[in-house]
Structures are given as structure tokens and as C-alpha cells.
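First the structure, in the form of C-alpha cells, and then the observations on it.
Values quoted throughout were computed directly from the atomic coordinates according to the rules given, and no laboratory measurement underlies them. Quantities reported herein were computed from a predicted structural model and do not represent experimental measurements. Using ideal geometry, Cβ is built from the backbone for each residue, glycine included, and neighbour counts are taken over all protein chains shown.
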Amino acid sequence: MIEHPLVKAVTLTVSTPAGHRIASRAGAMVRKTVLELGGSDPYIILADADIEILVRTCAVSRLINSG
């Protein structure tokens, strides 16, 4: 599918090995690519953080960002 002339971009949520194969093919075809490889964005928590607010915000943001 990536090689079809009507395909302009590729976006998938896949495993790292599958992402590697897709990125290689999309790169060879010069397609815009966005891949989610099963990771999760880390939180940086500073020493002066309000833990009550932090817990609520992190929990809600993970739910919102879960697709």
C-alpha cells in the first residue's frame, strides 16, 4: 500500500520491528510518516511539584491521550 501513487503519508501504531520495516519502506518512497511504537511519553516531575495536582493531571492526560 505504501508504494501506491495515491498514498502521500503513513501513520500507524505498531511494534518497533514492524515500525522499522514500515519506516524503511516509507522512507524509500519519500512518504511522510508518523509511527507510535508502543512507547509512552515520560513525565518530568520537579521537586516543587504539587503532588495532588500532579497525580490528577497525569491520570487525566493519559486517558485523553490513549486514543
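Taking the C-alpha atoms only, the angle from helix 16-28 to the longest principal axis of the chain is near 50 degrees.
Hey, what angle do you get for helix 51-64 against the long axis of the chain, alpha-carbon based, 0 to 90 degrees rounded to 10? Once rounded, one gets 30 degrees. With contributions of -39500 (n - 2.57) from each DSSP H run of at least four residues, the per-residue ellipticity at 222 nm computed over the chain stands at -13000 deg cm²/dmol.
Residues whose amide H lies under 5 Å from that of VAL10, counting only those 5 or more places away or on a different chain, are LYS32, THR33, VAL34; hydrogens are built 1.01 Å from N in the peptide plane. Electrostatic tally near THR33: other residues with Cβ closer than 13 Å to its Cβ, Lys and Arg +1, Asp and Glu -1, net +4. Shown is the FRET efficiency for CYS58 and VAL34, computed with R0 = 30 Å from the Cβ-Cβ distance and rounded to the nearest 0.05: 0.80.
With an 8 Å Cα cut-off and a minimum separation of 6 or more residues, compute the relative contact order for the chain in percent.
Values: 42 pairs, mean separation 20.9, N = 67.
The value is 31 percent.
For mean projected area of the Cα convex hull in nm², the value calculated from this model appears in [x] 3.5; [y] 6.1; [z] 4.6 under label [y]. Sorting the segments 55-64, 17-26 by their mean number of nearby beta carbons within 10 angstrom, highest to lowest, gives 17-26, 55-64.
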